[in-house]
Amino acid sequence: MAATIALVVADEHATTRDLDQALRAADFEVRHAVAGQEHTVAASTEPPDIVLVSASLGLHKLATLGQRFAADGLSPTIVVFPQDDFTALEECVGAGFDWVMPPFLPTLLRSRLSTCWERSQLAIAVEDMAAVANLREYERDMSIAREIQAGFLPEQLPSAHGWDFAVRFRPAKEVAGDFYDGFELVNGRRLGFLVADVCDKGVGAALFMALIRTLLRHTAEHTGSWWQDDVVHDVLVDSEVEAGGALPALVSVGAGPLVQSVVGTNRYMARNHLRQGYFATLFFGVLDPISGALLYINGGHNPPVLVRADGEITTLRPTGPAVGILADSTYTLGHTTLGPGDSLFVYTDGVVDARNADGGLFGYERMLDAVRTPCETPEQLLNIMETQLGLHVGQADQFDDITMLAVRRSD
């Protein structure tokens, strides 16, 4: 048997002295500890291979002892022996513990402990095999979940003459709470695009990502193009945002899908899933590719950055709360216009919250510096942003999901 170190946990007793003598005669290195000190003894020296414990200490003490060893990454074989209390020994054996009995004869004791040790190692190996199998099954399930989630994201973003779109999507884990989408509306007369961030990350957030994304897109694609009277009281028109046209034009083509999808999704989530505690911030824009007019709702999301051709920067501030918190939330319909050479950068908080090894944030100002860099295409802008993020984060683990979407009007 490879095990040579034995720790005896028991009070001073004739049986304990006999066991000590037999162990030493069988070439074990023996240490002693009274109940409550065994953890300190094991931690301060080379870990024991066998721990022999008096059955008189009881099942609760044995269970606690095993848990404390496991917490330190130790897995010695635990064997019980009687100190004149054979009823206690019977209880321990009935609970599954191995045992040795006096008289302790060195050759027989070593053979018996060798068998106990080999049995415990086999049990550990079986548990390890089960853990590996469970890990592989988990990894397989997560791989499938990642593929399914990828299927919710568009293979390509909408396009129109004079317009370019680009996107980056980097989950912090196998699956993400972030998502983006882009699709045609009103028989191709409008281009809808959105970036959203479900609170939290991981599997739960990914499930709600799938639900919210489906509700938003399905509702937008199946709603008439004009303003709907049944939601007008939930949506205001923001006349303070940079004008995109006269009021009648703003609330006509494309406003209906935008308004109905956000308001309807918010109502559904708040009324049916408030208990789960998930909500989403989002930026949903509807673009007229001919005029450059952009209608949008910013539901509690990081303000997208609009970079004018002359370098001037405007941010599109929130026009309402996150989706899924209050069923009767009111949203303002924002509007602006993108001219030739203008770019729009939409992002989730994983960008500004990206952390380096010291915990330092990438931050809003670094993001603005990258956005200000002159670019000819949205792809170039996202490449610059990724480079700057990489320089800041270095070898640190990714802290949060990162999604970035850029739009540029070339003419």
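The values are calculated or read from the model by the stated rules, or taken from the named source; none is laboratory data. Since this is a predicted model, take the numbers as computed values, not measurements. Methodologically, a virtual Cβ is constructed for each residue, glycine included, from the backbone with ideal geometry; neighbour enumeration extends over all protein chains shown. Ligands, DNA and RNA are excluded from the accessible area calculation, which covers all protein heavy atoms including side chains. Shrake-Rupley method; radii C 1.70, N 1.55, O 1.52, S 1.80 Å.
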* Which residue, 327, 145, 33, tops the fluctuation ranking in a GNM of the chain built on C-alpha contacts under 10 Å? -> 33
* **For the chain, with +1 on Lys and Arg beta carbons and -1 on Asp and Glu, the positive-most of 292, 331, 6 along the dipole** => 292
* Asked: Taking the Cα atoms only, what angle lies between the long axis of helix 255-272 and the longest principal axis of the chain, rounded to 10 degrees?
  -> 30
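Ordering 144, 78 from largest to smallest accessible area (1.4 angstrom probe), what's the sequence? Could the numbers behind the result be given before it?
Numbers: 144 85, 78 30 Å².
Sorted by accessible area, descending: 144, 78.
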* Structure fact -> Judged on accessible area alone, 1.4 Å probe, highest first, 155, 127 line up as 155, 127
* Rounded to a whole number, what % of the accessible area of the stretch 49-90 do carbon and sulfur atoms account for, probe 1.4 Å? -> 51
* Sorted by mean Cβ packing within 10 Å, highest first, what order do the peptides 310-318, 177-185, 364-372 take? -> 177-185, 364-372, 310-318
* Just one of (1) 44, 25, 24; (2) 68, 22, 17; (3) 51, 24, 19 is semi-axes √(5λ) of the Cα gyration tensor in Å as worked out from the coordinates here. Which one is it? -> (2)
* Structure fact -> Taking a probe of 1.4 Å and leaving out DNA, RNA and ligands, the stretch 359-411 shows per residue an accessible area in Å² of 49
* **Among 71, 142, 113 - extreme Cα towards positive end, dipole of the stretch 54-157, charges at beta-carbon** => 113
* **By accessible area with a 1.4 Å probe, ligands and nucleic acids excluded, highest first: order of 129, 404** => 129, 404
* To do: Given the options 149, 67, 276, state which has the largest fluctuation in a GNM of the chain using a 10 Å cut-off (strictly under) for Cα springs.
  => 67
* To do: Evaluate the charge dipole of the stretch 70-217 about its Cα centre and quote only its size in Debye, nearest 20, assuming +1 on the Cβ of each Lys and Arg and -1 on the Cβ of each Asp and Glu.
  => 800
* Structure fact -> For the chain, the dipole about the Cα centre with charges only on Cβ (Lys and Arg +1, Asp and Glu -1), to the nearest 20 debye, works out at 500
* Asked: Which residues' amide hydrogens lie under 5 Å from the amide hydrogen of residue 98, considering only partners 5 or more residues apart or on another chain, with H built in the peptide plane?
  -> 80
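How large, in percent, is the carbon and sulfur part of the accessible surface of the stretch 281-411 at a probe radius of 1.4 Å?
Answer for the stretch 281-411: carbon and sulfur cover 51 percent of the accessible area.
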